[in-house]
1. GLN150: over 30 Å from ALA224 (Cβ atoms) and either open to solvent by 40 Å² or more (accessible area, probe 1.4 Å) or of a type in the set (Ser, Thr, Tyr) (or both), yes or no?
2. Filter segment 193-225 down to the residues that are within 19 Å of the chain's Cα centre (by Cα) and free of Cβ contacts under 8 Å to residues at least 40 places away in the same chain, then identify the one that is farthest from LEU145 (Cα to Cα).
3. Which members of segment 495-513 meet the condition of being among the hydrophobic types (A, V, I, L, M, F, W, C), closer than 19 Å to GLY266 by Cβ and open to solvent by less than 10 Å² (accessible area, probe 1.4 Å)?
4. Between a first residue in segment 539-560 that is free of Cβ contacts under 8 Å to residues at least 60 places away in the same chain and farther than 19 Å from ALA474 by Cβ and a second residue that is open to solvent by 50 Å² or more (accessible area, probe 1.4 Å) and part of a loop (DSSP other than H, G, I, E, B), which pairs have beta carbons less than 7 Å apart while being 6 or more apart in sequence or on different chains?
5. How about segment 248-272: which of its residues are closer than 15 Å to VAL211 by Cβ, part of a loop (DSSP other than H, G, I, E, B) and open to solvent by 20 Å² or more (accessible area, probe 1.4 Å)?
6. Taking segment 101-122, which residues are open to solvent by 10 Å² or more (accessible area, probe 1.4 Å) and not polar (S, T, N, Q)?
7. For segment 79-97, does any single residue satisfy the condition of being more than 25 Å from TRP207 (Cα to Cα), in a loop (DSSP other than H, G, I, E, B), open to solvent by less than 70 Å² (accessible area, probe 1.4 Å) and not hydroxyl-bearing (Ser, Thr, Tyr)?
8. Here are some conditions: (1) closer than 18 Å to LEU549 by Cβ; (2) not in a helix (DSSP H, G or I). ALA488 meets all but one. Which one does it not meet?
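The values are calculated or read from the model by the stated rules, or taken from the named source; none is laboratory data. Just so it is clear, the structure is predicted and the values come from calculations on it, not from any experiment. Here the Cβ is made from the backbone with ideal geometry for all residues, glycine too, and neighbour counts use every protein chain on show. The protein model used for the area step is the full one, side chains on, heavy atoms only, and it has no ligands, DNA or RNA in it. Shrake-Rupley method; radii C 1.70, N 1.55, O 1.52, S 1.80 Å.
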Amino acid sequence: MIGGVLPPGFKEVLALVEERAGLAAPSCLAAALEGIQRAMARANKDDVTRYLHEVALDNALFDDLLTELTIGETYFFRTHEHFDHLRRVVLPELRERRGQEHLLRAWSAACSSGEEPYSIAALLMAEGWEEHMTVRATDVSRTALSRAQQARYTDWSLRGPSADRMRAHLRQEGRFYWLSQDVKRHVQLSYLNLALETWPSAESGIWQLDVIFCRNVLIYFNRATIEGVARRLHASLDDGGYLFTGPSDPPLGDYAPFEPVLTEWGVLYRKPLAGANAGHFVPLQPLAPLRADGSPFPAGPQGTGRTGSGAFPATLELLARPSPAGGFSGPAPGMPSTFGADGSLPGASTPWGTGTAGTVPPAWETVPSGSGAPASGAGPHGGGTPASGASRPVSGGTASRTGTRPRFTLSVEALETVRQALARGDWREGARRAGAQSADPEEALAAVRALANLDPRAAVFACGEAAVRHPLVAGLRYLEALLLLGQARLADAEKSARQALYLEPGLAVGHLLLGHVLRRQDQTAAAARAYREAEGLCRKLPPEALVPLAEGERAGALADVARAEWRRLERMEGGDAS
């Protein structure tokens, strides 16, 4: 249903576009009206009713109208981070997995005037794939495809920060640049309406793809079309294939079983590997947790790495308060030295790190069977409920106005099934039984906390499992960084901390944690910057305000800790360690 106020007939034109191409109603109807009027002028039509009749029958007119209603904004190597990731990560992984003779199949799904697919082809050629590559390029606009086929460009297509990579393949004639045949021959251009159920297919070449670029096009679609396109994109990929979308495109995790891949610059998607090449490896035997110095803890009962008390034994050497002598006397606010036996760990308010702060009780507790707490079994894939035997108390509901949430419970029987799975080394089953695959991100976060008391490495694995369902939840990445730091995996902890901060730049405890990780890696200057950022964020809050994800700590106290840290590091940089 197209809303808003438009002159008679123009609303029907937009409805036709939505029906035929799946485009959602534009947010700015005035701009849409001007676009329709420009398309009508080129068609020499001044009567909108007559134009509507003809545009419904004439593909050329319809394509010209689409050009007016969508933004064909593109240039060579646009969003260079995508191409850098393709070069540094995706291509080496494909070559290692598929071998030197593998024919790489790429697709630019909304190629516009061709800068994107020609950039892909040029990059593949530079990386040694020239004789083992094919690039498909499609668009719904035949006008745009004609421009791509002509491959004549201006300085406007070379305005990006990485566009100079393309100059070696361009021949300048006056104010125009002509693309070399060496690049053009690798790109096959064709018409395709993404909204229609005509793909994937072997006939079109849109199938078993290694790489898809479908960027900045999903933003135009309505929800039903997004769902269909996401499902078909997934079906078009070969196992292990990658999908790049635009930074403004909607998340696709709810529409197709992609594996989200979170990077420092954003999210891309992967079709999970099948069978023996599965992306998540589950060891046959449980691995022992490690102390901060890399030495293992003594294995507890059943080899789960637990101490006799059942609590997670590792002291996470996290942010520590500076002592007068410049050493560290204990854990800083918001950074506990151990996990509680009930699974408590920094995680106040919400897993996004932005909710109303409040005193949050430990996320999970064990209750005896038959205690009266309601139970709800989880489905085979984690479903939307906690694991079998896990439940919400009768008080249920969402977060209260104080930022608290009801305590989740895990029955003794459910806890035992988790322990048995971990004893077998089946981390995936343990994560599922605990509820780490829950559709509720707070339940998933609480499940990871519970697992941290039993097997910290299983908890790291569970973080990855939960992030597949909740790729944009900063709390999961923050918790992952804490766990990795506890295992002295500093580089991995840094990556997870940075991912958490990409998702939630204002997460003060994330900057504190990053500062500690960097300090442990002797990156003193960078650590000091992280501490200063943490202080600045805390100073923006009232001193008595509770800091999100800081386990009830106050903004003033955390700001003082961060300030003491960066000042001490700066003294060390200046040669004064006192």
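1. Numbers: over 30 Å from ALA224 (Cβ atoms): yes; either open to solvent by 40 Å² or more (accessible area, probe 1.4 Å) or of a type in the set (Ser, Thr, Tyr) (or both): yes.
So GLN150 passes the test.
2. Step one: filter segment 193-225 for residues within 19 Å of the chain's Cα centre (by Cα), giving 211-219.
Next cut, free of Cβ contacts under 8 Å to residues at least 40 places away in the same chain only: 218-219.
Working: LEU218: 19, ILE219: 20 Å.
Residue satisfying both the conditions and the ranking: ILE219.
3. Taking segment 495-513 as the starting set, the residues that turn out to be among the hydrophobic types (A, V, I, L, M, F, W, C) are 497, 500-501, 503, 507-509, 512-513.
Now restrict to residues that are closer than 19 Å to GLY266 by Cβ: 497, 500-501, 503, 507.
ALA497, ALA500, LEU507, listed by residue number.
4. GLY556/PRO543; GLY556/GLU544
5. LYS271, the sole residue that qualifies.
6. Going residue by residue through segment 101-122, those that are open to solvent by 10 Å² or more (accessible area, probe 1.4 Å) are 101-103, 105, 110, 112-113, 116.
If the condition is that a residue be open to solvent by 10 Å² or more (accessible area, probe 1.4 Å) and not polar (S, T, N, Q), then GLU101, HIS102, LEU103, ARG105, ALA110, GLU116 are the ones that fit.
7. no
8. (1)
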